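See structure below.
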Amino acid sequence: MNFDKGVLCDFETASRMEWIEANGLGGYASSTVSGAHSRKYHGLLVAAITPPVGRTILLSKLDETIVMAHSDESGLPVRYELSANQYPGVVHPAGYRYIEEFSRDLFPEFYYNCDGIRLKKTIAVVHGENTTLILYEVLDAPSPITLELLPLASARDFHHLSYANDKIGKHFLFEDGIFRTVNYPGGTELFISVPGANFKEEQTWYYNFEYLAELERGLNFREDLYSHGKFSIRLKKGEKRGIILSTIDPEGRSALKLFAQEKKRKEKLTKSYSKSSQLARLALAADQFVVRRGNLVTVIAGYHWFADWGRDTMIGVTGLCLETKRFAEARQILQHFAAYVSDGMLPNRFPDSGEQPEYNTIDASLWFFHAIHNYYRYTKDISFLKSVLPVLEGIMSSHYNGTRYNIKVDASDELLSGGLDKIQLTWMDAKVGDWVVTPRRGKVVEINALWYNALRSMQAFCALLGKEKRSKAYAIKAGRVHESFNRLFWNETAGYLYDYIDGNYCCDDLRPNQIYALSLPYPLLAGARAKSVLSVVTENLLTPRGLRSLNERNPQYKAHYTGDIFKRDGSYHQGTVWSFLLGPYIDASFYVNNEEAREPASLLIKSFLNHLDEAGVGSVSEIFEGAYPHAPKGCIAQAWGVGEVLRVILQYKLVISEKVKK
């Protein structure tokens with residue numbers, strides 16, 4: 001994965017290509033290929049203070065300048081400023097012009113060429129701690145150079161912005177190459193280790209950095225950053241120097257040794273995929289989402305701004321952990337969420353500030369059954385199944401007795417219903433103020449496909465554990481769901497399934513949710529009906545980047561995802577394309593067409609993988625615009641997108657070896 005100067009010299013293009021290195025705690029380092037931040041979420045040391053949340057941008061940037069020993073015509077030393085920053089009306093400095101190559105193999109690597117001085121910069125994070133490493137290597141230089149490093153700090157919550165103020169800490173220590181400071185009272189201490197460096201104090205604010213991605217999102221987009229001064233180090237050709245940015249005192253630690261350990265860890269992750277660079281890239285992308293929460297493991301739903309979400313985790317865990325044989329972590333993820341079951345419900349999400357989890361979801365608990373079904377299928381871990389069965393039985397009881405948000409089984413048809421005014425419960429959960437964009441109350445198509453699969457899974461689990469009477473009871477209930485679903489959800493006129501049924505109202509919006517009636521382990525449709533649903537979805541919703549959330553002919557369809565939060569959330573599920581839906585679509589294709597699905601599925605995924613070079617370099621974006629050319633939007637790295645694409649490639653052994661041109 002390499003980008004040459006032809007791409008990198010275009011600032012707008014290079015600034016839309018982002019990279020991220022996540023540390024297994026929820027923290028990360030991230031920016032754009034140009035070197036200029038385009039988001040308030042970008043930073044070199046974004047620390048998860050209370051993993052995986054409490055994310056704080058302790059160090060935003062480290063601007064670099066090469067200073068030569070000789071002078072120019074004016075008698076001043078020759079300087080090459082390698083960094084780039086967007087200010088109102090100007091990019092300064094314009095160091096992106098010196099980048100001759102950007103590579104994203106195991107790590108982001110920048111290659112600079114300044115009139116024959118060639119410098120390589122590699123950025124890495126240390127897994128399991130809030131530590132970023134920056135390695136500089138002088139590949140070529142006619143004489144020794146001085147590398148100046150200007151640290152720019154914001155020391156803020158990553159959702160906010162910083163502005164010049166008198167409260168920032170002016171005190172710091174610099175001894176034996178280690179700089180340390182606490183920018184605000186009660187804040188987290190920042191350490192910067194620059195071996196062999198001098199430090200010159202120059203305390204000042206730098207004003208009006210602009211983050212154009214935030215401007216496009218209709219949000220505040222200007223920020224001021226603070227610096228205590230400037231490091232300088234002398235380097236010559238062939239020399240390497242490693243910088244440590246950390247919340248941990250780096251005394252006695254070597255950036256080069258830490259980097260070697262992280263490189264070895266990543267090589268181990270990709271060893272099984274040595275014959276496929278695309279699979280190796282997806283395996284590295286998958287690793288970014290698997291993080292610690294306390295003593296267990298969870299899944300970050302997406303970078304930069306999501307924390308761990310129940311639904312996203314249960315959908316993504318098969319591809320992220322089971323197909324990649326990370327079985328112990330998969331078990332810990334399931335144990336983690338099992339501990340938070342409340343009134344038969346899994347958390348929808350864990351807030352960023354560590355508050356109690358939110359439970360406004362009707363499907364996370366149902367996806368939990370699916371994830372456990374897959375976990376057992378991959379591991380045959382009967383002891384875990386036995387330990388979690390009481391939790392599953394409790395979820396079932398709560399759904400029959402009734403739980404939050406009117407979620408309850410309708411005794412007349414055994415279908416699951418739920419919903420309240422002004423509450424969003426399904427994955428189509430956009431809400432602005434009191435406006436729920438797609439309320440989808442009542443009996444929802446994918447919810448009941450999941451409900452049927454939960455009942456069938458319980459039938460199988462009870463049989464495996466010798467509870468035959470319970471198994472037969474679940475089989476009877478599942479049979480009733482099957483009959484009711486086919487009788488009530490089938491839209492004979494249109495040849496596809498209603499999206500939801502609310503009393504006497506049957507919503508015939510053409511959406512991708514019905515694909516789950518074909519894609520899950522226990523399908524609800526067969527024969528002509530299954531073929532018709534797949535055909536309608538393929539013809540009306542399929543794009544090279546995934547499935548549209550609404551067909552183009554619907555009056556509510558939105559072709560583009562732009563503007564402020566009201567406009568963006570108003571289009572979030574009204575036509576945008578979702579990458580993770582490629583997974584169930586390919587499942588459904590194999591269910592209906594068997595081996596005839598292999599070639600078109602391979603071609604679809606092979607084409608999709610061009611996207612890995614498009615936005616979050618090496619990862620899968622959350623959404624894409626409904627209209628061609630389906631520009632990537634939303635998060636640059638989404639767990640269920642990566643997980644589902646990786647899963648179907650491995651599960652169905654899809655052929656992706658050749659790269660398709662865009």
Among GluC sites (Glu not before Pro) in segment 308-375, those in a DSSP loop whose Cβ has at most 15 other Cβ atoms within 10 Å are Glu355
Of the convex hull drawn through the C-alpha atoms of segment 245-302, the volume per residue in Å³ is 133 Å³
Computed over segment 194-272, the distribution of all Cα-Cα distances in 10 Å bins, rounded to whole %, is 13, 25, 27, 29, 6
Using the Kirkwood radius over Cα pairs of segment 588-662, the Stokes-Einstein translational diffusion coefficient at 4 °C and 1.567 mPa s, in µm²/s and rounded to a whole number, is 99 µm²/s
Kirkwood-based Rg/Rh on the Cα set of segment 311-412 evaluates to 0.98
Expressed to two decimals, segment 342-476 has a Cα Rg over Rh, using the Kirkwood radius, of 0.99
Per the 1/(1 + (r/R0)^6) rule, R0 = 41 Å and r from the Cβ atoms of Glu201 and Thr562, FRET efficiency to 0.05 is 0.40
Of the convex hull enclosing the alpha-carbon atoms of segment 555-606, the direction-averaged projected area in nm² is 4.8 nm²
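Taking only the alpha-carbon atoms of segment 43-150, what semi-axes of the equivalent ellipsoid follow from 5 times the gyration tensor eigenvalues under a square root, in whole Å, largest first?
29, 17, 13
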For the Asn593, Arg265 Cβ pair and Förster radius 41 Å, calculated FRET efficiency rounded to 0.05 is 0.55
Here the gain from full extension of Thr538 to Asn486, 0.36 nm per residue of separation minus their alpha-carbon distance, amounts to 16.6 nm
Stretched fully, the stretch from Lys5 through His92 gains (0.36 nm per residue minus C-alpha distance, one decimal, in nm) 29.4 nm
For Lys275, the aspartates and glutamates lying under 18 Å Cα to Cα, once residues fewer than eight places off in the same chain are dropped, come out as Asp105, Glu267, Glu323, Glu658
Hydrodynamic calc, segment 397-502: Kirkwood Rh from Cα pairs, then Stokes-Einstein at 37 °C with viscosity 0.692 mPa s, so D in µm² s⁻¹ is 221 µm²/s
Computed, not fitted: 222 nm per-residue ellipticity of the chain from DSSP H runs ≥ 4 (each -39500 (n - 2.57)), nearest 500, equal to -9500 deg cm²/dmol
Accessible-area order for Glu596, Glu483, Glu12, Glu414, largest to smallest, probe 1.4 angstrom, reads Glu596, Glu12, Glu483, Glu414
Kirkwood Rh over alpha-carbon pairs of segment 269-320 plugged into Stokes-Einstein at 20 °C, 1.002 mPa s gives a D in µm²/s of 181 µm²/s
For segment 588-644, the percent of accessible surface on carbon and sulfur atoms (probe 1.4 angstrom, ligands and nucleic acids excluded) is 51 percent
Residue-ordered couplings for segment 600-617, obtained by feeding phi - 60° into the Karplus form 6.51 cos²θ - 1.76 cosθ + 1.60 and rounding to whole Hz (Gly and Pro as x), are x, 5, 4, 5, 5, 5, 4, 5, 4, 5, 4, 5, 4, 9, 10, 9, x, 4
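Give me the percent of Cα-Cα pairs in segment 395-448 that sit more than 12 Å apart, rounded to a whole number.
64 percent
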As straight-line cross-link partners of Lys469, the qualifying lysines (C-alpha separation under 30 Å, not fewer than 8 residues apart within one chain) are Lys380, Lys386, Lys408, Lys443, Lys477
Long-range alpha-carbon pairs in segment 434-580, meaning those over 23 Å apart, account in percent for 43 percent
Along principal axes, largest first, the alpha-carbon spread of segment 232-377 in whole Å comes out as 64, 40, 23
For segment 1-84, the Cα-Cα pair-distance distribution in 5 Å bins from 0, as whole percents, is 3, 13, 17, 17, 15, 13, 11, 6, 3, 2, 0
Once Lys and Arg are counted +1 and Asp and Glu -1 for all other residues with Cβ under 12 Å from that of Asn593, the total becomes -2
Computed ³J(HN,Hα) along segment 241-258: with the Karplus parameters 6.51/-1.76/1.60, θ = phi - 60°, integer Hz and x for glycine or proline, the list is 9, x, 9, 10, 10, 7, 8, 10, 4, x, 4, x, 9, 10, 4, 5, 5, 4
Any trypsin sites (Lys or Arg not before Pro) in segment 600-655 that lie in a DSSP loop and have at most 16 other Cβ atoms within 10 Å would be Lys653
Between Leu76 and Ser397, the two model label points (7 Å from Cα along the beta-carbon direction) sit apart by a distance in nm of 7.7 nm
Kirkwood Rh for the chain from C-alpha pairs, in Å, is 26.2 Å
Computed from every Cα-Cα pair in segment 83-142, P(r) in 5 Å bins starting at 0 and rounded to whole percents is 4, 16, 21, 20, 17, 14, 7, 2
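Taking 51 Å as R0, compute the FRET efficiency from the Cβ-Cβ separation of Leu465 and Leu139 and round it to 0.05.
The value I calculate is 0.25.
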Magnitude of the Cβ-charge dipole (Lys and Arg +1, Asp and Glu -1) of segment 296-372 about the Cα centre, nearest 20 debye, reported as 300 debye
Which of Lys230/Lys264; Lys5/Lys237; Lys40/Lys325; Lys121/Lys200 exceed 25 Å between C-alpha atoms? The answer is Lys230/Lys264; Lys40/Lys325
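How far, in nm, would the chain grow between Ser657 and Tyr184 when pulled straight, counting 0.36 nm per residue and subtracting the alpha carbon separation? Don't skip to the end; give the middle numbers.
Working: separation 473, 0.36 × 473 = 170.28 nm, distance 5.11 nm.
Working it through step by step, the gained length comes to 165.2 nm.
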For segment 507-662, the convex hull over Cα atoms projects on average to an area in nm² of 9.3 nm²
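The values are calculated or read from the model by the stated rules, or taken from the named source; none is laboratory data. Treat the numbers as computed from the prediction; the structure is a model and nothing was measured. Cβ atoms come from the backbone with ideal geometry, glycine included; neighbour counts cover every protein chain shown. Heads up: the accessible areas ignore ligands, DNA and RNA and are worked out on the full protein's heavy atoms, side chains in. Shrake-Rupley method; radii C 1.70, N 1.55, O 1.52, S 1.80 Å.
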